[in-house]
Structure formats: C-alpha cells, structure tokens
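Have a look at the structure below before the remarks.
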Amino acid sequence: MTLRPFHLAFPVHDLTAARTFYGATLGCREGRSSEQWIDFDLFGHQIVAHLDPSAKPVAVENAVDGHAVPVPHFGVVLTMDDWTALSERVTAAGVQFGIAPYIRFKGQPGEQATMFFYDPSGNALEFKAFANDDMIFAT
C-alpha cells in the first residue's frame, strides 16, 4: 500500500494568527482559503484551520516517559534531518515548547526524537523522528 497524505481539520480562534504560525513560523505552504478556513501543506499532509472564535484547548495530559503529553495533539513523523531543522526553526522563532526537543525511550524499542508545542489557539502539536523507521511501531 502506498502511504497517502492525511487530512486533518481543527479549530482556531484567529485565522490571522494561524496563518502566521503555520505559514511563517512552521513554513507550511498555504493552499485554498476563505474567511472561515485555511488549507496548509504540513510536510505533504493537508491540514485545515477552521475558524471557531470560541475554540478553547483541551487540557488533558497523559504521562509518557516522564513527561506530561497533551491530549489531543497532532503532528508528523519526520526524517531526523527535517526534525532537527524544524526544532531549530521553532526555537529561533521563540516558540514556547510544552515538551522541549529530546530523545524519548532512549535505548529502548521505539526510541525517537520528539518535541511538543502549541499553536496560537492552544492546539498541541508533536513532531517526532526515528533514527530507524522500523522502530515506528516497535513494541
């Protein structure tokens, strides 16, 4: 089976802030848009920021490898080079990390580089990378 891009629609309370964050800060190419939504290319995947002025983040966290992981969250599994470049990009932009870039499950099956941060509407994003993609679903 050929892996296809996923599609995710999510609420934002401010489209201008979303455009700046996803476009300028993360470097996502913008696709179609209206006064109610914006399509972005997130590493080849289609995400759509939909305007919901009352959007509020969900404040649930689960413990994973000694960190409080926000639920829900979304993101992409990147190559290690792309993950490093994104980590440097968001750090340089002054984005506040929920979980700063680090190696999770070090020395165990599923070892991965990971980082969490939030968009201006409080949506949690996780980006991760594996030195060996065979470890993505390791148990």
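Apply the a/c threshold of 1.5 to the C-alpha gyration tensor of region 43-139 and tell me whether it is rounded, prolate or oblate. Intermediate values should be presented prior to the final figure.
Details: a/c = 1.76, a/b = 1.48, b/c = 1.19.
Judged from the Cα gyration tensor, region 43-139 comes out prolate (a/c at least 1.5, a/b above b/c).
Sort region 1-101 into rounded, prolate or oblate with this rule: let a ≥ b ≥ c be the square roots of the eigenvalues of the Cα gyration tensor; rounded if a/c is under 1.5, and if a/c is not under 1.5, prolate when a/b is larger than b/c, oblate otherwise. Intermediate results must be reported in sequence, preceding the final value.
Numbers: a/c = 1.41, a/b = 1.18, b/c = 1.20.
The shape class here is rounded.
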Running a GNM on the chain with Cα contacts under 10 Å, which residue among Asp65, Asp14, Asp52 ends up with the highest mean-square fluctuation?
Asp65
Running a GNM on the chain with Cα contacts under 10 Å, which residue among Val77, Val95, Val64 ends up with the highest mean-square fluctuation?
Val64
Rounded tilt (10° steps) of 80-92 against the dominant C-alpha axis of the chain:
50 degrees
In region 84-123, how does Rg compare with the Kirkwood Rh, expressed as the Rg/Rh ratio over alpha carbon atoms?
1.05
Need one value: the accessible area of His45 in square angstrom, 1.4 angstrom probe, rounded to the nearest 10.
40 Å²
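Considering Cα pairs under 8 angstrom that are at least six residues apart, work out the relative contact order of region 1-110 and quote it in whole percent.
Details: 119 pairs, mean separation 25.1, N = 110.
Relative contact order, region 1-110: 23 percent.
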Run the 1.4 Å probe and let me know the accessible area of Thr79, rounded to the nearest 10 Å².
80 Å²
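What's the carbon and sulfur percent of the chain's accessible surface, probe 1.4 angstrom, rounded to a whole number?
Reported share for carbon and sulfur atoms: 55 percent.
In Å², what does the accessible area per residue of the chain work out to with a 1.4 Å probe? Show your work: numbers first, answer last.
Working: 8020 Å² over 139 residues.
For the chain, the solvent-accessible area averages 58 Å² per residue.
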What residue among Gly75, Gly122, Gly44 has the largest mean-square fluctuation in a Gaussian network model of the chain, using Cα springs under 10 Å?
Gly44
Once all protein chains are kept in place, Phe130 shows an accessible area at probe 1.4 Å, nearest 10 Å², of 10 Å²
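The values are calculated or read from the model by the stated rules, or taken from the named source; none is laboratory data. No experiment lies behind these values; they were computed from the predicted model shown. Side chains are part of the model used for accessible areas, which takes the heavy atoms of the whole protein and leaves out ligands, DNA and RNA. Shrake-Rupley method; radii C 1.70, N 1.55, O 1.52, S 1.80 Å.
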